[in-house]
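As structure tokens, the structure follows; a few thoughts come after it.
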Amino acid sequence: MMRVFAWIWLVCAAAVSVSAKRPNVLLFLADDLGIGDLGCYGNTTIKTPHIDRLASDGVRLTHHLAAAAMCTPSRAALLTARYPVRYGLEGGPAEDYLLPALLHITSQSGLSADEITIASALTAANYTTGLVGKWHLGMNCTLFGRSCPGPLNYGFQSFYGIPVTLFQEFRGLHAFWKFPLHDRRFQGLAVAWMTAMVSLFLARRRKVLGSCTGVLLLMATHLLLGGFWFTFAHYSKNSETRWGVSLWLFKYANSRLFRNDQVVEAPIELDGLSQRLVEESRRFLEAHARDEKPFFLMHSFGHVHTPMFSAPHMAGRSKHGSYGDNVEEMDDSVGKVLATLAELGLEDNTVVYFTSDQGGHLEAVEDTGERIGGHNGRFKGGKRQGGSEGGIRVPGIFRWPGHIPRGVTLDTPTSHMDLMPTLLSLAGLPRVHTLVPQAMDKELDGEDISELLLKGAKGSKTPRLFLHHCGTSLHAVRMDTGDHVYKMHLAKPKWWKGSTQCGWHHLALCDCHGPNVTDLSSQPELYDLLSDPYEDYPPISPDSSEYKSVVHDLKEYVRQWKERVTLPPSQLSTSANALWKPFYQPHCHTC
Ligand SMILES: *[C@@H]1O[C@H](CO)[C@@H](O)[C@H](O)[C@H]1NC(C)=O
Ligand SMILES: *[C@@H]1O[C@H](CO)[C@@H](O)[C@H](O)[C@H]1NC(C)=O
């Protein structure tokens, strides 16, 4: 009898302690995945059963927006609930040879130290936090790369994964020794070397030089010319790539996998990488399943960014070539992590979220001509087009059994930036400004959409506005009034004829600034996305009263916003971002 009582008491105590525990949070972030790449968003030929099931077990958002169409700014906004232009994490106009995202582990720019992320907010709320997979917001390496804390500086208590991003260049071997004699700089080097050798030889023969001085001069010449050779062949003056370092140096410097602040794998072994990330997430879940504290795990995929690679058992399975295989492998990973969650009995007390950092990269193509970029459904444009719908309309799925209703589809415009306020609210926590005193003066651009998720109702009736930057330039503004979703284009990239993309190469992207962009600010284009979701029809006539009043209001909103918010200079279009910094390069001590 006593044993039965004791048993009942134990069960009750356990139930109480479980119900008192705040929900865990599991966040999946795919890379460059198009909204049209998923079965639950209308793709009929690709197989994404696990993500589809996640959607049917929860809420599927159809008008979910990334705050930027590039990895670095979009991820920053997702984690901080603030537009990346507020802290200079968008590429500025001086982009001659630079890319609008962080490029190197040793880049000295990144997310500002005083920004508050979801991870730092949840750490303040006593969560155990971990990041598995891609970071791309700055590694903050100390001198000689002794420590590169990266995510650990922004609230993540553990990190295993990719410090910057995956690049096409990580695949394949790139030559270190090269001396292209068709290049004038190398011709100059060859002449300089021969001249130096002949002079040294003659000086030695005529006994102008002692043998000791001779050897020293010989060494000095080689050191000097070697330095020039390295600079021309690999660094800074290199014209092989857009970012000024050779393919060899790029891979050498950046293809590194981290555990916490140390390199544990160099170069990254792409085969089986997805599976290793899944294993790591499963270990995290197992380690913290029985903890008193709740956990926050962010599983940030290397997929489906270039280069395309899949484990042998996943390759060739899809109907869409190596890109399709990549999507299906990513879906498989989601399935494996969710299965572990279920096995550990954590499903009911875990909020799960799935999204992509931006739309598919339409221009991406393999050297063989095979398309390796995502599919953005009927939306126009893609990655790196901050104002085009295809670049920023992303999947958005929330699941929390017993709280968030099952199988609901919501068309209300929402943003990645809503994540932090929403998660805090779902977890019954105070606003970030209360939770983290340092956040006091930070204005959030995201909103708490927990009411919408829980009850399917839009909380406030006031119109909601969204700014869509491309780099630091404002390309579009959206306003959800409830009856209309207006979108005003202030600038548009010049697409290739008959397409909604700008080129055909894995490095090709549309520009945000300059001559390849059409400036529409004197007469913006206005669409109502409720009646014309894909912007297929001519925009609303500038002569209509609807156009005049809406454009007037939106321009006024922009004017006031610009007056109120002072923007720091871009951190991205500087040499601190673009150039490789040998003095910060981390090395692998255990590889
Ligand atoms: C499904 O996704 C693949 C891969 O991106 C794409 O090629 C295809 O056009 C999509 N199909 C549909 C029906 O959306
Ligand atoms: C976190 O833990 C500390 C110390 O136990 C406690 O004082 C604080 O209230 C907790 N914070 C939250 C948000 O639960």
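Assorted remarks:
- Exclusive hit being in a helix (DSSP H, G or I) and open to solvent by 10 Å² or more (accessible area, probe 1.4 Å), set 74, 120, 147: 120
- Search result, residues across region 510-530 that are out of contact with any Ser or Thr (no Cβ under 6 Å at 6 or more places or on another chain) and within 29 Å of residue 411 (Cα to Cα): 510, 520, 521, 523, 524, 525, 526, 527, 528, 529, 530
- Residues of region 120-162 that are away from ligand 2 (no atom under 16 Å from the Cβ), small (Gly, Ala, Ser) and touching a helix residue (DSSP H, G or I) at 6+ places or on another chain (Cβ under 7 Å): 130, 133, 138, 145, 161.
- Failed condition for residue 13, given (1) modelled with pLDDT of 95 or more; (2) open to solvent by less than 50 Å² (accessible area, probe 1.4 Å); (3) assigned to a helix (DSSP H, G or I): (1)
- When we screen 567, 509 for residues that are of a type in the set (A, V, I, L, M), closer than 21 Å to residue 384 by Cα and open to solvent by 80 Å² or more (accessible area, probe 1.4 Å), the only hit is 567.
- Among the residues of region 514-531, the ones that are farther than 12 Å from residue 387 by Cα, within 25 Å of the chain's Cα centre (by Cα) and either open to solvent by less than 40 Å² (accessible area, probe 1.4 Å) or among the aliphatic types (A, V, I, L, M) (or both) come to 0 in all.
- Meets criteria (crowded, with 19+ Cβ neighbours inside 10 Å and either within 30 Å of residue 254 (Cβ to Cβ) or not assigned by TED's automatic domain parsing to the domain that holds residue 391 (or both)) for residue 578: yes
- Taken together, 453, 429, 444 contain a single residue that is among the hydrophobic types (A, V, I, L, M, F, W, C), open to solvent by 30 Å² or more (accessible area, probe 1.4 Å) and closer than 21 Å to residue 353 by Cβ, which is 444.
- Strands (runs of 3 or more DSSP E) within region 246-358 that include 2 or more residues surrounded by 20 or more Cβ atoms within 10 Å (Cβ to Cβ): 257-259, 295-300, 350-356
- Single condition residue 556 does not satisfy, out of (1) in a helix (DSSP H, G or I); (2) at pLDDT 95 or above; (3) more than 30 Å from residue 461 (Cβ to Cβ): (3)
- Taking region 400-417 as the range and being in contact with a helix residue (DSSP H, G or I) (Cβ under 9 Å, 6 or more places away or on another chain), of a type outside the set (A, V, I, L, M) and open to solvent by less than 10 Å² (accessible area, probe 1.4 Å) as the test, the residues that pass are 414, 415, 416.
- Here residue 29 fulfils each of the conditions (1) in a helix (DSSP H, G or I); (2) touching a residue at least 24 places away in the same chain (Cβ under 8 Å) apart from (1).
- Residues that are farther than 30 Å from residue 251 by Cα and in contact (Cβ under 8 Å) with a residue 12 or more places away in the chain, drawn from region 198-222: 200, 214, 217, 218
- Some residue of region 373-385 being open to solvent by less than 40 Å² (accessible area, probe 1.4 Å), more than 25 Å from residue 54 (Cβ to Cβ) and touching a Ser or Thr at 6+ places or on another chain (Cβ under 9 Å): yes
- Enumeration of residues in region 37-71 that are in a helix (DSSP H, G or I), in contact with a strand residue (DSSP E or B) (Cβ under 7 Å, 6 or more places away or on another chain), open to solvent by less than 30 Å² (accessible area, probe 1.4 Å) and not aliphatic (A, V, I, L, M): 40
- Residue-level check: of (1) open to solvent by 90 Å² or more (accessible area, probe 1.4 Å); (2) touching a His at 6+ places or on another chain (Cβ under 9 Å), residue 237 misses just (2).
- Scanning region 457-471 turns up no residue that is buried (at least 20 other Cβ atoms within 10 Å of the Cβ) and more than 24 Å from the chain's Cα centre (by Cα).
- Among (1) out of contact with any strand residue (DSSP E or B) (no Cβ under 7 Å at 6 or more places or on another chain); (2) more than 13 Å from residue 105 (Cβ to Cβ); (3) open to solvent by less than 10 Å² (accessible area, probe 1.4 Å), the one test that residue 139 misses: (2)
The values are calculated or read from the model by the stated rules, or taken from the named source; none is laboratory data. Bear in mind that the values here come from a model prediction, so they are computed numbers and not experimental data. Virtual Cβ from ideal backbone geometry, glycine too; neighbours counted across all protein chains shown. The area values use the complete protein model at the heavy-atom level, side chains included, leaving out ligands, DNA and RNA. Shrake-Rupley method; radii C 1.70, N 1.55, O 1.52, S 1.80 Å.
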